[in-house]
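Asker: Please find one structure pasted underneath; my questions will follow.
The values are calculated or read from the model by the stated rules, or taken from the named source; none is laboratory data. These numbers were taken from a predicted model, which means no experiment stands behind them. Methodologically, a virtual Cβ is constructed for each residue, glycine included, from the backbone with ideal geometry; neighbour enumeration extends over all protein chains shown.
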Amino acid sequence: SQTIHQWPATLVQPVGSPLSLECTVEGTSNPNLYWYRQAAGRGLQLLFYSVGIGQISSEVPQNLSASRPQDRQFILSSKKLLLSDSGFYLCAWSVRQDQETQYFGPGTRLLVL
Amino acid sequence: GQNIDQPTEMTATEGAIVQINCTYQTSGFNGLFWYQQHAGEAPTFLSYNVLDGLEEKGRFSSFLSRSKGYSYLLLKELQMKDSASYLCAVREGPYGTDKLIFGTGTRLQVFP
């Protein structure tokens, strides 16, 4: 069966510090991968999605970036965090076919102080 | 533009039935999803509709009317563990993309 992992589970970082969040998927090959952010009282916002190694699409302008160095690894990064980057970051995967469901990882709760 | 509307909060009694509505206006449509999210946890998949009509899965059912841009999630025989947020999400076209647009969610509280 497929599983998706994210780490760390929680993170407290000062403003201006760098960020690296990791997501890995097991039990499937060639998945579509996604990064979402959920801010307090707001809906899930798609940040990045990837259909393959090295292929990243950005959905919103921001100071975050994403990379996919391996088929089942998706990394979310920032060089300098802002207060507004605080939130719940969720990675998701789906089978690379049409009309497939997205499944979410456990999430990383980030607090920027 | 993209707009997905759900009620912010709802309350219900254990054992009752509750219907959570979702209306959407998107530039394309390629399916509608419902997810359940308990506080502090990740969303879990509940249901998927791409054609008009009712999809039933145990105590949960989901309905879609594409012409009206409307869906609802029906929860029967409510249990305390059903207290959670319920997220409506629309997959936009074109066919072959996999991007979901989420509503802000409906927080359901079930009381004994």
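Residue-wise test of (1) part of a loop (DSSP other than H, G, I, E, B); (2) of a type outside the set (Lys, Arg); (3) in contact with a Leu (Cβ under 6 Å, 6 or more places away or on another chain); (4) closer than 21 Å to B:Asn3 by Cβ.
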| site | (1), (2), (3), (4) |
| --- | --- |
| A:Gly41 | yes, yes, no, yes |
| A:Gln45 | no, yes, no, yes |
| A:Pro61 | yes, yes, no, yes |
| A:Ala66 | no, yes, yes, no |
| A:Pro69 | no, yes, no, no |
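Asker: Does segment A:12-35 include one or more residues that are within 12 Å of another protein chain (Cβ to nearest Cβ), farther than 18 Å from A:Gln102 by Cα and in a loop (DSSP other than H, G, I, E, B)?
Answerer: The answer is no, given that none of the residues of segment A:12-35 is within 12 Å of another protein chain (Cβ to nearest Cβ), farther than 18 Å from A:Gln102 by Cα and in a loop (DSSP other than H, G, I, E, B).
Asker: Next up: Within segment B:1-20, restricting attention to residues that are away from chain A (no Cβ under 14 Å) and among the β-branched types (Val, Ile, Thr), which residue is surrounded by the most Cβ atoms within 10 Å (Cβ to Cβ)?
Answerer: It comes out as B:Ile20.
Asker: Also, quick follow-up: When segment A:21-57 is examined, which residues are found to be among the small types (Gly, Ala, Ser), under 22 Å from A:Val112 (Cα atoms) and in contact with a strand residue (DSSP E or B) (Cβ under 7 Å, 6 or more places away or on another chain)?
Answerer: A:Ala39, A:Gly43
Asker: Tell me, yes or no, whether segment B:62-78 has at least one residue that is under 27 Å from A:Asn32 (Cβ atoms) and within 14 Å of chain A (Cβ to nearest Cβ).
Answerer: Yes, that holds for at least one residue.
Asker: Shifting gears a bit: Please verify whether B:Leu87 is within 14 Å of chain A (Cβ to nearest Cβ) and either at pLDDT 95 or above or over 15 Å from the mean Cα position of the chain (by Cα) (or both), treating the condition exactly as stated.
Answerer: Against the criterion (within 14 Å of chain A (Cβ to nearest Cβ) and either at pLDDT 95 or above or over 15 Å from the mean Cα position of the chain (by Cα) (or both)), B:Leu87 qualifies.
Asker: With the requirement that a residue be part of a loop (DSSP other than H, G, I, E, B), buried (at least 20 other Cβ atoms within 10 Å of the Cβ) and within 8 Å of chain B (Cβ to nearest Cβ), what does segment A:76-113 give you?
Answerer: Within segment A:76-113, A:Gln102, A:Gly105, A:Gly107 qualify.
Asker: Something else now. Looking at (1) surrounded by 17 or more Cβ atoms within 10 Å (Cβ to Cβ); (2) in contact (Cβ under 8 Å) with a residue 40 or more places away in the chain; (3) under 12 Å from B:Thr23 (Cα atoms); (4) not β-branched (Val, Ile, Thr), which one does B:Leu64 not meet, given that it meets all the others?
Answerer: (2)
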